[in-house]
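Engineer: First the structure, which I've put down as structure tokens, then a few questions once you've had a look.
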Amino acid sequence: MGCLYSKGNVRFNKNDEIYDIKETGKQQQEEKKKKKLKPSISSKPFPRYLPKKAQNARKIQAWWRGTLVRRTLLRAALSAWIIQCWWRKILAKRQEKNRLMLLHWMAQETRACVLIQSWVRMLRIRQYYCRLCYATRVIQMSWRWYNCHTRGFFQGTYELEGRKLRLQLDIFLGSYVCRISDCIPLPIKN
């Protein structure tokens, strides 16, 4: 059975049936008087002095309720502590995994940078080396050309007579001419 008060209207629910009662001002005053006359259970004064047994029983009940509350709180605190420890462990694992992943990524990036730098240095040194080789060839060609023109040049003829090679060389060194003649035997093939 339920009751809902609103602006002097009373609505009762009883076994899924609804009854509306309109209260008047006189009825409300009478109800108030009846309530004042009827002593309620909660309005009884609590006795201050109880028998010794009742006091001891109350103390034991209070101690037992306190023990139960403390146990419940301790269990809740321990459960929270276990969950916190587990969560901290999970967070530490995640942080370690992220740290290792970042370290691996940084190592890869560093390796790639070093490789690119070494390739660039190699290309620059190779270009420098090729320029030096080209300059060396130019200098050598110039020197050989100059050396041949200043020192002279040579001419020669050769003849094959049987198993001998007749060779004649003429070397011209400015106004000086040197003539070399020789006869060289050829090896015999089987």
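The values are calculated or read from the model by the stated rules, or taken from the named source; none is laboratory data. In this text the structure is predicted, and so the values were computed from the model without any measurement. Quick reminder, even Gly has a Cβ in these numbers, built from the backbone with ideal geometry, and neighbours come from all protein chains shown.
Engineer: Looking at 91, 173, can you tell me which residue is modelled with pLDDT of 80 or more, more than 30 Å from residue 188 (Cβ to Cβ) and surrounded by 10 or more Cβ atoms within 10 Å (Cβ to Cβ)?
Structural biologist: 91
Engineer: Say whether the condition of being modelled with pLDDT of 95 or more and of a type in the set (Gly, Ala, Ser) is met by at least one residue in the range 120-135.
Structural biologist: no
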